[in-house]
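Below is one structure, written out as structure tokens; comments come after it.
The values are calculated or read from the model by the stated rules, or taken from the named source; none is laboratory data. Please read these numbers as outputs of a predicted model, since none were measured by experiment. Counting neighbours? That spans all protein chains shown, and the Cβs are built from the backbone with ideal geometry, glycine included. Side chains are part of the model used for accessible areas, which takes the heavy atoms of the whole protein and leaves out ligands, DNA and RNA. Shrake-Rupley method; radii C 1.70, N 1.55, O 1.52, S 1.80 Å.
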Amino acid sequence: MAANNRRMSGKKGAQIGSGGQRRRGLEGKGPTPPAEMRKGHKKNRIATAKAKQVQRRPVARGRGGKGTSEMVVGRNPVVEALREGVPASTLYVQQFIDNDERVREALQLVAERGGINLMEAPRPELDRMTNGLNHQGLVLQVPPYEYAHPEDLAEAAYDDGEDPLIVALDGVTDPRNLGAVVRSVSAFGGHGVVVPERRAAGMTAGAWKTSAGTAARTPVARATNLTRALEAYKKAGIVVVGLAADGEREIGDLEALGGPVVIVVGSEGKGLSRLVGETCDFRVRIPMPGGAESLNAGVAAGIVLYEAARRRG
């Protein structure tokens, strides 16, 4: 009996029941979750990496740097810029200015748009600001344009579930041509325009006016080196098509226009530079029965964009 007591003395006292915990522990845990949700699974690691990449992705505008501020000078140019929605930070009005119809319209447009500072300044100050140009008492300050990065254009297209349709300009120096291309890209559902950082037209007030307001919704990216930017597009699976008067194929025969594509347009007369031309996957021409030697960048881009949009539609 003593031995039995010794054995019992090592036991714990009366215990409360498990409350069904052991039974529940033996029960199933429901259906197996998808691979993307199972920790340690390859698909879960890929999904997690993609989510982190999206979180790290910069804002589309701004990665390409900023342009320089600009002054629009003169009564007619200022009124036209305000009519076309050119971004503006400040309207300078000369003290004791003759209040004609154009001045009144400029003041009215500033009041309607809002967000534009109205400053009165003496004539000598406006002369100094404009380096002696004939400002006629009105000077509009245009803030620096925030350029996108070339990668942002393709990423935005893929985020929307679309194949990128981008136009790159090689050696185009007229801002009005840039504005016309931006307008065509917007009209045919493109995703943006790429311009080189040097020796190329930028988003000036003239480009804004020619774009007829479409520059507000069509991003322009700036590339430090256009050839490298095109090579990066190619590595991402985007076909690079260059327009050339002596191109090997016609635009109507190029099926690649129906997929992810960058259309490269050169300057009128000179065309594509050598390195850019060698980087292109295809060099195509626009048939011109009328015998014209070349088209300006805006017209040429519009024709090819139409063909690309037709194939996608």
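Key figures
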{"quantity": "Ranked packing of 207-215, 304-312, 192-200, most packed first, by mean Cβ within 10 Å", "calculated": "207-215, 192-200, 304-312"}
{"quantity": "Equivalent-ellipsoid semi-axes of region 266-310, from the Cα gyration tensor, Å, largest first", "calculated": "18, 15, 10"}
{"quantity": "Region 114-166-region 199-230 distance, computed between alpha-carbon centres (Å)", "calculated": "11"}
{"quantity": "Protection proxy ranking, peptides 102-111, 179-188, average beta carbon neighbours within 10 Å, highest first", "calculated": "179-188, 102-111"}
{"quantity": "Check: region 70-174 dipole with +1 on Lys, Arg Cβ and -1 on Asp, Glu Cβ, in debye", "calculated": "940"}
{"quantity": "For T90, distant residues with modelled amide H under 5 Å away", "calculated": "N117, Q141"}
{"quantity": "Tail weight of P(r) past 25 Å, computed on alpha-carbon pairs of region 67-222, percent", "calculated": "36"}
{"quantity": "Along principal axes, Cα extents of region 84-142, largest first, whole Å", "calculated": "28, 23, 17"}
{"quantity": "L118/R199 FRET efficiency (R0 35 Å; Cβ-Cβ; nearest 0.05)", "calculated": "0.45"}
{"quantity": "Ranking by accessible area, most exposed first, for D163, D253 with a 1.4 Å probe", "calculated": "D253, D163"}
{"quantity": "Fraction in percent of alpha-carbon pairs per bin - 10 Å, region 173-290", "calculated": "13, 43, 38, 6"}
{"quantity": "Per-residue ³J(HN,Hα) for region 81-95, Karplus 6.51 cos²θ - 1.76 cosθ + 1.60, θ = phi - 60°, Hz, x for Gly and Pro", "calculated": "5, 5, 4, 7, x, 4, x, 8, 9, 8, 10, 9, 10, 5, 4"}
{"quantity": "Long-range amide H partners of V239 with built H, under 5 Å", "calculated": "V261, V262"}
{"quantity": "Lys/Arg +1, Asp/Glu -1 at C-beta; region 248-313 dipole; positive extreme among A256, M288, Y306", "calculated": "Y306"}
{"quantity": "Bins of 10 Å from zero: percent of alpha-carbon pairs in region 113-196", "calculated": "14, 31, 23, 21, 10, 1"}
{"quantity": "Amide H within-cut-off set for A168, under 5 Å, with H built and near neighbours excluded", "calculated": "V194, I263, V264, V265"}
